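Here is the structure we will look at, set down as structure tokens.
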Amino acid sequence: MLQFAGFWMALATFLGIWWGHVGVRWLEAHSRNIWPAIVVLAVAGVGLNIAALLMPSIMPNVSADVLLTLSGVASIIGITLMWDALEMYRQQNRIKKGHAPANPANPRHAAYLAAGMGTTEDLLDREPQGYPINAPIPHHPAPHPTLTERQSVVAQREYAEVESA
Amino acid sequence: MMWEGLALGFFSFGIIGFGFYWVIRLERFGGYLWWPYPMALGILMIITTLFLPDAGWSALLGITGGSFIWGATELKEQAVRAELGWFPFNPDKKNPPGVNWIKRIKAPHL
């Protein structure tokens, strides 16, 4: 008999983190006020943890492993939701700081943008390049001026000579 | 009453906190191309949980495995954060074994 308790816990942990990431970003971007969502997430999180605690440890016709699995999954998701409530607030700060893209259709975000805070650009939406973004490319010195640029410099000098003559 | 379930929730909280720590360190000193190693470790842990007789140990290992797989997908984004200057950038990273094969696979990111 395979033991599936660990598998369900792994799934709850992974999906909780993943959907938490996606869900908090979406909810923060689409809420005019973040506090109702924070209260709902916190209450749901505490409620799931109470449910996990109140799970009976013995039940007829149900194995103890199944009860532990149900209680564990409820608590993992519950604590994840409580963390998501905190992340709603942190996400708002990321928007203000420009570390996450602001949604101009959201009046709260539009106010940040109008006040000079934040950006609509998603700075994280890029591939790693191997060196800091505002630094020169390592081991590649600045290229020589191209032929056309040099020609134009010469042409400008000649033009200036003709003008002064 | 089931205190064990609540303990598993708090354990997952702690292991995710540890995830923040190791993702930042591994990216800084090794680079995001290490991603297949924590992912393989996480998958191995989850496979192992299927063969553990005790549901409690199986649960603890499963939570750790799930968190490691998530961390593996987070390394690439952490590399971008370091390049943006939001985290210290280390130019002398130690490449993982098999880096040339790893580069051919697109690093997972969710």
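The values are calculated or read from the model by the stated rules, or taken from the named source; none is laboratory data. Being a predicted model, the structure only gives us computed values, none of them experimental. Ideal geometry is used to build each Cβ from the backbone, glycine not excepted, and the neighbour counts take in all protein chains shown. Calculation scope for accessible area: heavy atoms of the full protein, side chains included, ligands and nucleic acids excluded. Shrake-Rupley method; radii C 1.70, N 1.55, O 1.52, S 1.80 Å.
In this structure, does B:GLY65 turn out to be of a type in the set (Gly, Ala, Ser) and farther than 20 Å from A:TRP19 by Cβ?
The answer is no for B:GLY65.
What's the number of the only condition in (1) closer than 29 Å to B:LEU60 by Cβ; (2) in contact (Cβ under 8 Å) with a residue 12 or more places away in the chain; (3) open to solvent by less than 20 Å² (accessible area, probe 1.4 Å) that A:TRP83 fails to meet?
(3)
Out of the helices (runs of 4 or more DSSP H) lying entirely within the stretch B:12-110, which hold 3 or more residues that are open to solvent by less than 40 Å² (accessible area, probe 1.4 Å)?
Result: B:36-49, B:55-83.
Give the stretch A:26-49 a look and list any residue that's within 23 Å of A:ALA5 (Cβ to Cβ) and surrounded by fewer than 14 Cβ atoms within 10 Å (Cβ to Cβ), or say none.
A:GLY47
Can you go through A:ALA51, A:ALA10, A:ALA42 and tell me which one is away from chain B (no Cβ under 14 Å) and either more than 23 Å from B:LEU6 (Cβ to Cβ) or modelled with pLDDT of 95 or more (or both)?
Exactly one of A:ALA51, A:ALA10, A:ALA42 is away from chain B (no Cβ under 14 Å) and either more than 23 Å from B:LEU6 (Cβ to Cβ) or modelled with pLDDT of 95 or more (or both), namely A:ALA42.
One line per residue, one yes/no per condition, for (1) over 20 Å from the mean Cα position of the chain (by Cα); (2) under 21 Å from A:HIS109 (Cβ atoms); (3) in contact (Cβ under 8 Å) with a residue 24 or more places away in the chain:
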residue	(1), (2), (3)
A:TRP8	yes, no, yes
A:GLY23	no, yes, yes
A:ILE34	no, yes, yes
A:ALA37	no, yes, yes
A:LEU41	no, yes, yes
A:GLY47	yes, no, yes
A:PRO56	yes, no, no
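Quick one: would you say A:ALA74 is surrounded by 21 or more Cβ atoms within 10 Å (Cβ to Cβ) and assigned to a loop (DSSP other than H, G, I, E, B)?
Criteria not met by A:ALA74.
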